[in-house]
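Structure record follows, encoded as structure tokens.
Bear in mind these aren't lab numbers, they're just calculated from the coordinates by the rules spelled out. Just so we're clear, the structure is a prediction, and the values are computed from it rather than from any experiment. Quick reminder, even Gly has a Cβ in these numbers, built from the backbone with ideal geometry, and neighbours come from all protein chains shown.
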Amino acid sequence: MGVPVTSYTILRALADNEPKSYEYDMAKMAFEPFDVFAFFIHDPVQNRQFHQKMTGDFYRFHSMTGKNLCFFALVNPPDIWEQRAVHREHVHFFRTWESDTLSAAKQSLTASSLAEALDIPAEQLPVLVITNNFQLKSFYWVQTCAEHVTEQFARLTAVANEFQEQFAYSVNEGKTAEAQRILFQMLDDAGLNLCNGYGKESLYQNMAAALSDIMDFIAVSDRQIDAYVRKKAERKVNDTLHRLLAELNSLKQKMPQDVGDAEEREEFLQLESLSLKISKYIALMKKKTDTEDLFHFEHVLESDTLEILRIGLQVTDYLSQYTSLKPTQMNRFDFTPGLICLTKVFEKEINLSVVQWLRKIYGITLPQYYNRYQPDRQVIVAPQIPDGKPIDLNQPAGPVQWRAPGIGQSELIARFNIKADNLPPDWSLQHWSYLLDRWKKTARYRNRAAHTELVTLDETHEVKNILLDLHKSGIFQKMAALKKLARE
């Protein structure tokens, strides 16, 4: 059975972790007959082809999955599904609780936030998340695509039917952690990994609790949800933010005083991931997005980079409300999430443009290995300075994935190895020097986020101004031209 996830209520009911509530009872009644659950997480904008496939074939998948597998997807259901499913009580409940549906922009943010909540890398989307019980902490996920999703569905349906037969004597036995271990082995044996990406994750809380965090942030901005439910969500949002910000502070306290190039430390990756999660959760609360600061960037930044910029501005605005209420707290409130988002904008764009150009001149084959790892090719470059440490420009992060060096490292190569007579095409020495200056400042601010001291609002505004300067000076336009050249 397929269930379209386009309204807030079905997500809340699916994730509700409170027995004795009406939503919990309804969700339990609706989903108790099923043995295996699959949740598609995809971005309708970034994964446009997959979104079209799911929307067009939704009823076909609904029909082929049978009575033992229930799947969910962020799509609008076709008319035939509406006509044949609306008589079911739980479907009627889900479809009429509120008339508002997730907009395309909200769907994209919801998708990336769901991935963050489940510790699935956003770049792996679209993915299929599989479990036998949302109250367990572990789950199985596999990457999917428009080409392979039908075959994956067929194999998953067969697994669900076999799993049901094994636990037909007891519904409760099929919901246990031991049953989940058996399910995971069945999934391995079925060969669902057709897109070169899968994993088995274990959260610090159960799936329902992890998902309900996101639902609370959505609910506080939805005026069509019952006022009592929204008020309860506001309390949970405050609790969640307090917990996540405390966790962020704890991470920063564990960083050594002399962090050096912080980006190269595993702790920094954790800090960045948590900052992005906090930022996306906060952005979910925003009913409308102020695009005044964004329209200049729409034609020069990647769409996912533009979204990070949007989120960075939103979280900075949200956190600054605390300091406006308490001016004396201005320098005692941490703006690390906002700073991380804004420096991430620069990092992504520089890695897709200038750093790709650097990789090319040092031997990487473009466009074939644009933003990808090139097998059997070692590209170790040392900055031309005393005691310059070698930097890997072709470090693998998976079978085809490439791990970029920290922006502080790549800046050293750009500054000391590139001379005036071998600049990128159509770059003047003035433009190059201007970029290097902002590049170094951004790397310093990015390292700054890893220090134990609080990041201030002024520092966050400084990074925002760097991004504006790069646009006004035409540097982002030149970087966009480099991206185009590297991809051709």
*Within 10 Å of each residue's Cβ, count the other Cβ atoms and sort M255, M29, M479 from fewest upward.*
M29, M255, M479
*Assigning unit charges at the beta carbon (Lys, Arg +1; Asp, Glu -1) and nothing else, what dipole magnitude in debye, to the nearest 20, does the range 189-246 show about its Cα centre?*
260
*Could you list which residues have their amide H under 5 Å from that of W402, counting only those 5 or more apart in sequence or on another chain, with H placed in the peptide plane?*
Y373, A397
*When the Karplus curve 6.51 cos²θ - 1.76 cosθ + 1.60 is applied with θ = phi - 60°, which whole-Hz ³J(HN,Hα) does each residue of the range 367-380 get, with x for Gly and Pro?*
x, 3, 10, 5, 6, 9, 6, 9, x, 6, 9, 9, 10, 10
_With θ taken as phi - 60° and the coefficients 6.51, -1.76 and 1.60, list the Karplus ³J(HN,Hα) couplings across the range 315-320 in order, rounded to whole Hz; mark glycine and proline as x._
5, 5, 5, 5, 5, 5
*Quick one: C145, C70, fewest Cβ neighbours within 10 Å first, how do they rank?*
C145, C70
_Run the simple label-point estimate for L269 and D421 please: 7 Å along Cα→C-beta, distance reported in nm._
4.1
*Step through the residues of the range 41-49 one at a time and calculate ³J(HN,Hα) from phi using the Karplus curve (6.51 cos²θ - 1.76 cosθ + 1.60, θ = phi - 60°), rounding each to whole Hz and writing x for Gly and Pro.*
10, 8, 9, x, 8, 6, 10, 4, 5
*Under 1.5 on a/c is rounded, so check that first for the range 388-488, then, if it is not, pick prolate when a/b is larger than b/c and oblate when it is not; a ≥ b ≥ c are the square roots of the alpha carbon gyration tensor eigenvalues.*
oblate
_If packing is taken as the average count of other Cβ atoms within 10 Å, what order do 185-192, 273-280 fall into, highest mean first?_
273-280, 185-192
